[in-house]
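Starting off with a structure, shown below.
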Amino acid sequence: MSATRYAYLGPEGTFTEVALRTLPEAATRELVPMVSVPAALDAVRNGAAAAALVPIENSVEGGITATLDELTTGEPLMIYREVLLSITFALLVRPGTELSDIKSVTAHPAAQPQVRNWMAANLPDAVWESAASNADGARLVQEGRYDAAFAGEFAAATYGLEPLVTEIHDAENAQTRFVLVGRPARPAAPTGADKTSVVIWLGEDHPGALLELLQEFAVRGVNLMLIQSRPTGAGIGNYCFAVDAEGHIADRRVGEALMGLKRMCPKVRFLGSYPRAGVAVQDVRPLRAGTSDTEFTEASDWLARNLDGRG
């Protein structure tokens, strides 16, 4: 395995590359662009890279299905860190192009919901075509395949383009969440401001089946930050659920919730416990009474004393 290589969704000039370069260790790694999320994650699986940074969620459309599905299937991988990046787009064009010249535009599919209203108001007749990434869209414009691309303004110089319009976004304060993924290993120690990600497969389908799974978290005071259903591929109506929960697997409340799920479900995939981006320990909500590690330990000791006849 190449311990000095980090893969990312490329080509050069993507928001993913910008997010990756915010990590301190990126300065000492060889950063390798890949053509797709699956290719970036496969580079980790086959040992060509030690880790890969890929987008997993945005604040406008929710989960990035390509990433969720890749983490759900295939050889297990684990999330070690997350990065939040504010997103705003520029309309990149070849020099000399005017707004009235634009008949076709391109970008990553996740960009479309973030610029849909702007495009309807300013380019109502332009045809949208999806690209593998926003930077790849810029490359396609450079090659003359499309008239314009929605991408980061920083990508213009890389592809010899000009930002015709900047600061494009339908939603204020839009953000994308990226995750640094590696091969499974021992999670880092809890920081007090952590997140745990798992994928859960339902067993027998019956009324209240999902509620029973959610109660494993609720009764232990574990707050859920994301829950998203994804088809398993086994037929219509067969789903698994990607879940992000506050806390660390080493926290008693989280660990016991995961054990409860493992008892009930045919399959649970642990995707990692890692620090929450942009959240300090002092900003984490206080625990509900009865859900701290100390209280779990005291309850366990009480049970042991009664089993031993020490009351």
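Hey, what number do you get for the chain at 222 nm if only DSSP H runs of n ≥ 4 count, each worth -39500 (n - 2.57), divided across all residues, to the nearest 500?
Per the formula, -7500 deg cm²/dmol.
Now for a separate question. Roughly what would the spin-label model give for residue 293 and residue 32, points 7 Å off Cα along C-beta, in nm?
With each label point 7 Å from Cα toward Cβ, the separation is 3.7 nm.
Quick query: amide H of residue 195 versus all other amide H atoms, modeled in the peptide plane; which residues come in under 5 Å with a sequence gap of 5 or more or a different chain?
247, 274, 276
Sort largest first and round to whole Å: the equivalent ellipsoid semi-axes of the chain, each the square root of five times a Cα gyration tensor eigenvalue.
Equivalent-ellipsoid dimensions as semi-axes: 42, 20, 18 Å.
Starting from 0.36 nm per residue, how many nanometres of slack lie between residue 103 and residue 304 once their C-alpha separation is accounted for?
65.1 nm
Have a look at the stretch 169-311 and give its Rg and Dmax from the Cα atoms, expressed in angstrom.
When restricted to the Cα atoms of the stretch 169-311, Rg and Dmax are 17.5, 66 Å.
Express in Å², to the nearest 10, the accessible area of residue 118 obtained by rolling a 1.4 Å probe over the protein heavy atoms while all chains stay in place.
Counting only protein heavy atoms, residue 118 exposes about 50 Å² to solvent.
Can you list residues from other chains, or at least 5 along the same chain, whose modelled amide H is less than 5 Å from the amide H of residue 5?
When sequence neighbours closer than 5 places are left aside, the close amide H contacts are 30, 50.
Another question, then. Measure out, as a whole number of angstrom, how far apart the alpha-carbon centroids of the stretch 24-64 and the stretch 266-282 sit.
The stretch 24-64 and the stretch 266-282 have Cα centres separated by 17 Å.
Also, quick follow-up: What full-extension length gain, to one decimal in nm, is calculated for residue 282 and residue 183 as 0.36 nm per residue of separation minus the Cα-Cα distance?
32.6 nm
Then there's this: What does the highest-first list of 69-78, 146-155 look like by mean Cβ count within 10 Å?
Peptide ranking by packing, descending: 146-155, 69-78.
Let me ask you something else. If you average over every viewing direction, what projected area does the convex hull of the Cα atoms of the stretch 201-243 give, in nm²?
With the hull built on Cα positions only, its mean projection is 3.2 nm².
Mind ranking 260-268, 185-193 by how tightly packed they are, going by the mean number of other C-beta atoms within 10 angstrom, highest first?
For the peptides 260-268, 185-193, the packing ranking is 260-268, 185-193.
If you build the convex hull over the alpha carbons only and average its shadow over all orientations, what do you get for the stretch 106-161? Give it in nm² to one decimal.
One quarter of the hull surface, i.e. the mean projection, equals 3.6 nm².
Carbon-plus-sulfur fraction of the accessible area of the chain, 1.4 Å probe, in percent?
Heavy-atom surface of the chain belonging to carbon and sulfur, 1.4 Å probe: 52 percent.
If amide H atoms are built 1.01 Å from N in the plane of the peptide, which residues on other chains or at least 5 residues away come under 5 Å of the amide H of residue 165?
The list, which skips near neighbours in sequence, is 91.
The values are calculated or read from the model by the stated rules, or taken from the named source; none is laboratory data. Remember, predicted model here, so these are calculated numbers, not experimental data. Ideal geometry is used to build each Cβ from the backbone, glycine not excepted, and the neighbour counts take in all protein chains shown. Quick note on the areas: whole protein, heavy atoms, side chains included, nothing else; ligands and nucleic acids left out. Shrake-Rupley method; radii C 1.70, N 1.55, O 1.52, S 1.80 Å.
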